[in-house]
Each structure stands twice: as structure tokens, then as C-alpha cells.
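Beneath this line is the structure, given in C-alpha cells, with notes to follow.
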Amino acid sequence: MLQCLLSIALLFLSCAFAKAQLISDSLQIEGRYRSFHFNTPTQPLRQPALVFVMHGSGGNGRGMMKAAQKMEQIAATSNTLVVYPDGYKRYWNECRKASPAQANLDDVNEQAFFSAMIGYFVQKYGVDTEQVFAVGTSGGGHMAYKLALTMPQQFRAVTALIANLPDTPNLDCVPSGKPVAVMIVNGTDDPINPYQGGPVVLGKNMNMGEVRSTDRTVAYWAELAGHTGTPTHETLPDTDPADGKTVERFAYHAPGKPDVVLLKVNGGKHDYPNDLDVHVEALNFFRKQVR
């Protein structure tokens, strides 16, 4: 009897202290295997939210795990799954017509990939399809815009980090015209994604074409959501004065309309500010869209 009780106790402890395991899987999309990564849940899930974290141009999904570590720690205790997909040959087929990336040249079907991943996690973990979100950095931010532009019925909200919408002549997506909640985090001194708009050059033979200014990007989403007037404004605490950056929040919020928020990083370059964790901010923004 005692041995049986000890066995039950050990089993309970092993389950209670189980660690997340990294899973890498793939789905075949139009003849191409597309991969993604996630950590197994350490707690029972009940119709969890789903957050995709997209890497920048030239990166990969596993490389984003460290950047989003704090967000994932919070998500792990709040009924949320976090998934890190891989771009095709390290790039996304986002909405920049000029992109010389193979994903764009081959016109890789990203919408099919993300739809298939949503279906995978619905089947595996019972994900709530009303709570699907995406956050991306740089080229991943452009992918987040594409999801909002072309799949608003499947994405409740997105966050784009250090990315502006492609300028009109450089836009090769067909926008749905439906509003989506969007948060943007851009640096005023970004030499790659120019805050005032212009060409995005990643290196030799990697001219991605021109993007709109941040103000025009915010205005696009705000007008689409039906916001009028001026956004609310606040200066966030400067928790790291040594980094030479300060952050201002501009927010459009109205009953029945998706939120549109800009975190303007004064002095920010093509990087994250130290004053806040941008992925945690994204998660907080997503949660507000379902309250």
C-alpha cells in the first residue's frame, strides 16, 4: 500500500514539474514542406489563444525564441500557445513587390501555410479560432501586415515591429478592406525601415522597394477601422535613460472598433527599445482585443 502511494506521489510530482519540450514540425503546402516550432504546454489548456511570432528577413523561427522568452513565460500561464514558423528559405512572401527573396519570386502561398497551422493547433490543442494573433519583426512585421491585409477573418490582431507598410506602387497584395486591430513599434532613427518612408535596402542585391512613412501606415489602419480625430498620447516611463531612447504611445480606441496603436521609439534604430519588452507589449495588446 505504501509503495503504491509513493508511486502515485512521484507521478504527481513528475507531472507538476514537467518541463516544456520543443517540438519542430512541418506541413506540406503546395508541394513544399513548411516548418514551425513550439514548446509543449506545461499546464492544461482550454480553448487557448494562439500567437504566431515571425522572424525577420534572413532569420528563422527558433532564432526568435530568445527574443520572445518573457512573452512565452507569461503565455504559458495564461492559456496561450506561442508558435514560431519558418519563412521559406529564411524569407516571407509578404506584400513587397520589389522583394528579390525566393519566397516572393516563387509566390509562396503564405495564407495557405498559416491557415494550415491554425488547423493543426485547433486539432491538436483545441485553439479558439476567435483568438489568433501574430507579431513579427522587420520582414516578419511585413508578414504580419500581410496577414491583416488578406486574412482578417482569421487574425484578431497583429503587431508589426520595425516595419512600415509597402508604398502603394510596391504593394502586391490585394487588401480585403476589412479592419483589424494593429499595433506598430517603430524607431525614429531606423536606417533600414525609414520612419519617414523610403527604400528598404537589406544589403547587396536585397532592395525591398519603398515603404510608407510610419504616420501613413498608422493612418491606413486607423481609417480602415473608422477612427476619426486625434489619438490619445502618453509618454512611457524611461526605464533605461542610458539607451538614448524614449517611447511615446499613440492610441486610437473607440467602442466597437479595432484598436490601432503606435509605440514611437524616439532615437530607436532597427532594434528593440530597452524601456519595455515589445513582445510582452504585443501580448498585452492582443488580450485587450478580446475583452
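The values are calculated or read from the model by the stated rules, or taken from the named source; none is laboratory data. All values derive from a computational prediction rather than experimental measurement. Positions of Cβ are generated from backbone atoms using ideal geometry, with glycine treated the same way; all protein chains shown enter the neighbour counts. Remember, those area values only see protein heavy atoms, side chains included, never the ligands or the DNA or RNA. Shrake-Rupley method; radii C 1.70, N 1.55, O 1.52, S 1.80 Å.
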Open item on the list: Which of Thr217, Thr129, Thr168 ends up with the largest GNM mean-square fluctuation for the chain, with Cα atoms connected below 10 Å?
Closed with: Thr168
- [ ] Might you report the magnitude of the Cβ-based charge dipole of the chain about its Cα centre, with Lys and Arg at +1 and Asp and Glu at -1, to the nearest 20 debye?
- [x] 600
TODO: Using only alpha carbon positions, build the gyration tensor of the range 163-205, then give the equivalent ellipsoid semi-axes as the square roots of 5 times its eigenvalues, largest first, whole angstrom.
DONE: 22, 16, 8
TODO: Roll a 1.4 Å probe over the protein chains and send me the accessible area per residue for the chain in Å².
DONE: 47
Task: Positive-end residue, the chain charge dipole about Cα centroid, Cβ charges, pick of Thr228, Val158, Gln28 - done: Gln28
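Please report, in debye to the nearest 20, how large the charge dipole of the range 21-161 is about its Cα centre when each Lys and Arg carries +1 at its beta carbon and each Asp and Glu carries -1 there.
260
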Task: Cα lying deepest toward the dipole's positive end in the chain, options Gly209, Val265, Thr137, charges on Cβ - done: Thr137
Task: the range 21-168, relative contact order [Cα under 8 Å, separation at least 6], % - done: 25
Task: Heavy-atom accessible surface of the range 36-144: percent carbon and sulfur, 1.4 Å - done: 45
Open item on the list: P(r) for the range 196-291, please, calculated from all Cα pair distances in 10 Å bins and given in %.
Closed with: 13, 37, 35, 13, 1
Task: Two-site FRET efficiency, Gln154 against Lys204, from Cβ-Cβ distance with R₀ of 35 Å, rounded to 0.05 - done: 0.45
Task: Cα centre as origin, Lys/Arg/Asp/Glu Cβ charges: the range 219-274 dipole, Debye - done: 160
Task: Beta bridge orientation in the range 108-243: antiparallel %, DSSP, nearest 5 - done: 30
Task: Per residue, the convex hull volume that the Cα atoms of the chain enclose (Å³) - done: 151
Task: Amide H within-cut-off set for Gly56, under 5 Å, with H built and near neighbours excluded - done: Thr137, Gly140
TODO: May I have the pair-distance distribution P(r) for the range 55-102, computed from all Cα-Cα distances with 5 Å bins from 0 and rounded to whole percent?
DONE: 5, 21, 23, 17, 13, 12, 7, 3, 0
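What is the percent carbon and sulfur in the accessible area of the range 168-229, measuring with a 1.4 Å probe over the protein chains and ignoring ligands?
Details: 1550 of 2880 Å².
Solvent-exposed carbon and sulfur of the range 168-229 make up 54 percent of the total.
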Open item on the list: How much length would be gained if the chain were fully extended between Gln102 and Ser115, taking 0.36 nm per residue of separation minus their Cα-Cα distance, in nm to one decimal?
Closed with: 2.6 nm
TODO: Among DSSP beta bridges whose residues both lie in the chain, state the antiparallel percentage, nearest 5.
DONE: 55
Open item on the list: For Cα pairs less than 8 Å apart in space and 6+ apart in sequence, what is the mean separation divided by the residue count of the range 204-291, i.e. the relative contact order in percent?
Closed with: 23
Open item on the list: Can you give me the C-alpha center-to-center distance between the range 239-291 and the range 190-212, rounded to a whole angstrom?
Closed with: 22
Task: Mean Kyte hydropathy of -0.5 or more with a Cα span along the axis of at least 20 Å, helices from DSSP in the chain - done: 2-16, 110-125
Open item on the list: Using each residue's phi in the range 36-42, evaluate 6.51 cos²θ - 1.76 cosθ + 1.60 at θ = phi - 60° and report the 3J(HN,Hα) Karplus result to the nearest Hz, with x for Gly and Pro.
Closed with: 7, 9, 7, 9, 5, x, 9
- [ ] Run the numbers on the chain and let me know its relative contact order in percent, using alpha-carbon pairs under 8 Å that are six or more apart.
- [x] 15
Task: Listed pairs Lys70/Lys257; Lys178/Lys257; Lys89/Lys146; Lys204/Lys269 exceeding 23 Å between Cα atoms - done: Lys70/Lys257
